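One structure is given below, encoded as structure tokens.
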Amino acid sequence: MPLRKGVADVVLRSQVSQDVNNRFAENICAAKISTPLNDLIKTVTEAKYKNGQRIRALDPVGKNKAILDAVSDPKFTIAGVSNKEIRKIIREQGLYKQKTDKQLAGTVSRLLRILRNHGLIRKLPKQNRYLLTSQGRQITSAMQIALSASVEELLKTAS
């Protein structure tokens, strides 16, 4: 339900605004991580078990790169991202070109569940929208920086 503009929802409006400010601050802080990339992505590149079910590992530079890029898009920092918005973004990318809308919706739902089980995203209450967690923000930011850097830059920072 949309917030009313009167004084009745001032407290709730201030809480929502503060949450937005906190997410932006976390997004800025995610770029200043001293943890090695290997330690960051180790948690998501290994399969794990939750409630007796195996959760497959993510491939952040291969087949799961498209969804990680879509989820980490800054325009979704405030309101979160939905299945439909992700489908619009990844529809033209290699693995997903031949899929129908129904197949793509199922694929995105499964990928969102995997991201959620690995702790990279969280579901917003009473909505079908997802937000990056602080761990998800760190991992996606680090992967984007590492993949956009040249080999020379990486060798300079490694030595």
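A short reminder: the numbers here are calculations on the coordinates, not readings from a lab. These numbers were taken from a predicted model, which means no experiment stands behind them. Positions of Cβ are backbone-derived with ideal geometry, glycine not excepted, and every protein chain shown enters the neighbour counts.
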Fill in the blank from the handout: Tilt, helix 134-148 to longest principal axis of the chain (alpha-carbon atoms), in degrees rounded to tens, equals 40 degrees
Practice task
With an 8 Å cut-off on Cα pairs and a minimum separation of 6 or more residues, tell me the relative contact order of the chain in percent.
Solution key: 24 percent
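When ranked by the protection proxy of mean other Cβ atoms within 10 Å per residue, highest first, what sequence do the peptides 127-137, 55-65 form?
Going from most to least packed, we get 127-137, 55-65.
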Exercise for the section: Take the cross-link list Lys5/Lys123; Lys42/Lys65; Lys63/Lys97; Lys63/Lys84; Lys75/Lys156 and give me the ones stretching past 23 Å between alpha-carbons. Expected result: Lys5/Lys123; Lys75/Lys156
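Is it possible to state the helix-based mean residue ellipticity at 222 nm for the chain, with each DSSP H run of 4+ residues giving -39500 (n - 2.57), the sum divided by total residues, to the nearest 500 deg cm²/dmol? What is it? Walk me through the intermediate numbers first.
Working: 7 runs with 81 residues, N = 159.
Computed mean residue ellipticity for the chain: -15500 deg cm²/dmol.
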Exercise for the section: Please work out how much length the chain gains when fully extended from Lys63 to Gln18, using 0.36 nm per residue of separation minus the C-alpha to C-alpha distance, in nm with one decimal. Expected result: 12.7 nm
Practice task
Stick to the Cα atoms of the chain, pair each with every other, and give me the Kirkwood hydrodynamic radius in Å at one decimal.
Solution key: 17.4 Å
Practice task
Could you compute the FRET efficiency for Val10 and Asp73, with r as their C-beta to C-beta distance and R0 at 30 Å, rounded to 0.05?
Solution key: 0.45
